[in-house]
Structures are given as C-alpha cells and as structure tokens.
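**Q** Got a structure for you, questions after.
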Amino acid sequence: MKEEHVPDLATRIVHHAYVPPEGFEAPQPGVFKASTVIFPNVAAMRSREWKDKSGYTYGLHGTPTTFILEERLCTLEGGLQCVLVPSGLAAIANVSLALLAPGDEVLIPDNAYGPGKDLAKGELARFGITHGFYDPLDPADLAARISPATRLVWLEAPGSVSMEFPDLCELVRICRARGVTTALDNTWGAGLAFAPFDLTGDGSLGVDISAQALTKYPSGGGDVLMGSAITRDLALHMKIKLTHMRLGLGVGANDAEAVLRALPSIGLRYRAHDLAARHLARWLQAQPAIVQVLHPALEGAPGHGHWRALCGGPGGTPGLAAGLFSVVIDARHSQQQVDAFCDSLRLFKLGYSWGGPMSLVVPYDIASMRSRAAPHLKPGTVVRFSIGLEAVEDLQQDLQQALQRAFVPA
Ligand SMILES: *Cc1c(COP(=O)(O)O)cnc(C)c1O
C-alpha cells in the first residue's frame, strides 16, 4: 500500500488546513493585510477586476479593510469614489499628477498648505507644468489668472496658518464657467463643517475633487499619516486611480484600521476641538500682546462672512469651525520674545500637524510663505495653535502664564 506523503512541518504551517467558521461579526471590521491575494484558479486570475471593487487582485489595489474605509470616507464627504494614499501631501500630489501634463497650468491659493506649493515649484515645474498663486480673498484675481492652459485650480478653506476663509462658492462658480477642474484641500472642514460636493445645499454647486489629510481629524490620534482623494465623477476618479496605481501608492492595513476606529467619534471630537478653540481664541483677543486673532468663526477675522455663509448653520446656530487658529503678536515684541512665549508653554507642545488629542503651537514667518503682501494681516508675528482635547481651563491657564512670562516686563 502506497503511503500518503506527509508534508514537512514547515509546509504544514504555511498551508494549514484549519479555516475559521464564517459569520464573524463585530463592531470593528477586520484588518486584512496583503500584498499577495490568492485566486482559486487561472481563469479568476485573468478575469478579476479591481478598478470597480468587484474583486481583489493585489494588496496595492485594495483589501476589504481599505474598501470599507474608502466607502465610509465617501459617506463623510458626500462623495462617490475614493482613493487612499500614504499622506495628505500624497493626495495633493496624486491629484496633481493625474490631471496635469506638460504645458498645463495649475492655480493655487497664496495661503495654501506650504508643501503643496513646493510640489508645484519642484516636480510639477520640472515636468513642464506651470503654476500661479492667486489671492483667495479676491475671486476677480482668480478669474483674471485663468488662462487656456489652466487645467486645475486648488482651493483651501480656510488657508493654512493665516486662516482666511475664501468665498468658496464664487471661486468654484468661476472655475465651472471656464471649464476648469477644482480640487479642494478639505482637511480643515473634514466633511463636517460644510459639504464639499454640495456647497449651496441644493445640489447645484460643488467641487470636483475633495482631498483630505486623514492624518488630522479622521485619524484623531497624531499617530497616523494618510490621505484621501474623493470624487463624484467616475471618469475623474479613474484618472486619479490609474495614476495612484502606476505610482504604487497604497496604505497599510493597520493604519487604515486606526482611521476606521477613530471615524465614529470624529463628529464629537470635531465639536469639542471647535468649542475649546473658540473659547481660547476669544480670550486671546483680549490679551494686550495680541493684535489680531485669525479664526474664521470670529467676527472681523479675514473671510468671516464667507465662513458664516458656508459653515455658520441655519438661524444663527454656532456652525462648525475645527480647532485651529492663529494669532498675530504685536510687532513691538521681538522674535526672541515670541519664541520665549512658545517655549514657555507647558501643555501646548511644539510640533507640526493637528487634529490629535494634544494641543500644539508653531510660530510662523508669514512673509516668507507668501508671493505677495497680505494687507489684511496686522504687523507682527504669527503663532498658530491647534487645540487638543485637554480641559479648556488648563489650556487657558497655560497660555496666561506663558504670555505673562514672555511679554510682561519683570
Ligand atoms: C497636514 C495637511 C496636509 C498634509 O497632510 P500630511 O498627511 O501631513 O501629508 C495637507 N493639507 C493641509 C491643509 C494640512 O493641514
């Protein structure tokens, strides 16, 4: 009698016979990790389609974990298709590289996220793609800059660091009328403060693409880097998705799981960050060292009217405004004093990014970040705060002691 070949232990551990029962269900979806995806036969290998999510072919093309996250982010932002990328900056790069070719021009708001501007000055310029920076508070400036070569206009509401809130509807209308694709960096709004694909609430006006740094509020932990690019147009999505595939962009399943875990609480966290930030921004308005508070929900802040129209909520309800704002410290105080103020903070830590539980502070040199003067900003030094989830009284006390230490002569 022929003895059946018993595979070696090394083989039996890899090709194990046990299969867990089907039907497992729990609040949190499973973490599916793969580079290789197994096909039952060659026919399946040849016929399976990944572009429409009807099947799995390779880890880079999607797993149940990334498909679920993509769908939930579409729900958050009111989109229909999504790609996930390894960072917010990668989302900006993926969209730009998908839609622009040599000879094309991209227009970027002058107050946009800095590394996105650097991409235009670096790789995009190297590939023969030109760029211009428009004044986000002046729709006529955007209209005048759109040329036959303009293929893409980036939008950001409010602008990074200086927090001016543009007339998003008017900027989108201008681009629509000229047939130019719009891409919004929606990291601040996060799908909560306003609906990027339905700016007017009647379905008549929206951006073409909403990119987000999931690194911020969707992750909420200060421990994950990820980005998304969401659309409502399949042809546009396919352009982004094919570039995404060809560039080999993908995200790790554990990171996707971390965002999936944080997503259900994003509304609660966003409101908590917002409430604390508005309290502290108002309190800082009354401090003598500070000449201007740049928070779009505060009366008199640059673009406040646009914020109120888009995010202010019906009938004078408070609306939503994230947990980020900047202050201008009076020009009579030296850079050294401003640095001493930042160094004196104990709960606010020095560090980039935002959206996590820990409050952060960064001093900026705005003049070096702009292509032109920003006369709506008062002279002085800009310091940006990201408000975390600490008790607001403790944060206020921390600001008070640091102001005292840095700006009040002994
Ligand atoms: C943080 C941020 C990005 C980039 O996100 P990363 O994940 O850090 O690359 C892009 N845009 C805005 C407005 C941001 O705040």
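**Q** How about region 39-72: which GluC sites (Glu not before Pro) there lie in a loop by DSSP and see at most 16 other Cβ atoms within 10 Å?
**A** Taking region 39-72 and a limit of 16 other Cβ atoms within 10 Å, the loop GluC sites (Glu not before Pro) found are Glu49.
**Q** Also, I was wondering about something else. Work out from phi, with θ = phi - 60° and the Karplus expression 6.51 cos²θ - 1.76 cosθ + 1.60, the ³J(HN,Hα) of each residue of region 51-60, listed in order in whole Hz, and give x for Gly and Pro.
**A** The phi angles translate into 5, 9, 6, 8, x, 10, 10, 6, x, 5 Hz.
**Q** Over region 42-264, average the accessible area per residue using a 1.4 Å probe and give it in Å², no decimals.
**A** 37 Å²
**Q** Out of all DSSP beta bridges in region 42-264, what portion is antiparallel? Express it as a percent rounded to 5.
**A** DSSP beta bridges in region 42-264 are roughly 40 percent antiparallel.
**Q** Hey, with R₀ at 45 Å, roughly what FRET efficiency would Asp52 and Ala340 work out to, going by the Cβ-Cβ distance, to 0.05?
**A** The pair Asp52/Ala340 has a calculated efficiency of 0.20.
**Q** ³J(HN,Hα) across region 172-186 via Karplus (A = 6.51, B = -1.76, C = 1.60, θ = phi - 60°), whole Hz, x for Gly/Pro?
**A** 5, 4, 4, 5, 4, 5, 9, x, 9, 5, 10, 10, 9, 7, 9
**Q** Go through Tyr134, Leu97, Gly114 and say which Cα lies farthest out towards the positive end of the charge dipole of region 80-147; charges sit on Cβ, +1 for Lys and Arg, -1 for Asp and Glu.
**A** Working it through, the farthest residue towards the positive pole turns out to be Leu97.
**Q** Work out from phi, with θ = phi - 60° and the Karplus expression 6.51 cos²θ - 1.76 cosθ + 1.60, the ³J(HN,Hα) of each residue of region 7-14, listed in order in whole Hz, and give x for Gly and Pro.
**A** Each residue of region 7-14 in turn: x, 5, 3, 4, 6, 5, 6, 6 Hz.
**Q** Carbon and sulfur together cover what percent of the accessible area of the chain at a 1.4 Å probe radius?
**A** Here carbon and sulfur together make up 56 percent of the probe-accessible area.
**Q** For the chain, what does the helix formula give at 222 nm: sum of -39500 (n - 2.57) over DSSP H segments with n ≥ 4, over the residue count, nearest 500 deg cm²/dmol?
**A** -10000 deg cm²/dmol
**Q** Using the crude model of +1 on Lys and Arg Cβ and -1 on Asp and Glu Cβ, and no other charge, please compute the dipole size for region 42-264 relative to its Cα centre, in debye to 20.
**A** It works out to roughly 860 debye.
**Q** Another question, then. Pull up all non-local amide H partners of Lys349: gap of 5 or more, or a different chain, and H-to-H distance under 5 Å with H placed in the peptide plane.
**A** Amide H neighbours of Lys349: Ser359, Leu360, Val361.
**Q** How much length would be gained if the chain were fully extended between His376 and Ile13, taking 0.36 nm per residue of separation minus their Cα-Cα distance, in nm to one decimal?
**A** This chain segment gains 124.0 nm when fully extended.
**Q** Going Cα to Cα from Lys241, which lysines come in below 16 Å? Please leave out same-chain ones fewer than 8 positions away.
**A** Straight-line reach from Lys241, under 16 Å: Lys51, Lys53.
**Q** I need the peptides 244-251, 201-208 ranked by packing, meaning the mean over residues of other C-beta atoms within 10 angstrom, with the highest value on top.
**A** 244-251, 201-208
**Q** Share of antiparallel DSSP beta bridges in the chain, in percent to the nearest 5?
**A** 60 percent
The values are calculated or read from the model by the stated rules, or taken from the named source; none is laboratory data. All figures in this text were calculated on a predicted structure; none of them were measured in a lab. Please note: Cβ atoms are built from the backbone with ideal geometry, for glycine as well, and neighbour counts cover all protein chains shown. Just so you know, the surface numbers come from the protein's heavy atoms only, side chains and all, with ligands and any DNA or RNA stripped out. Shrake-Rupley method; radii C 1.70, N 1.55, O 1.52, S 1.80 Å.
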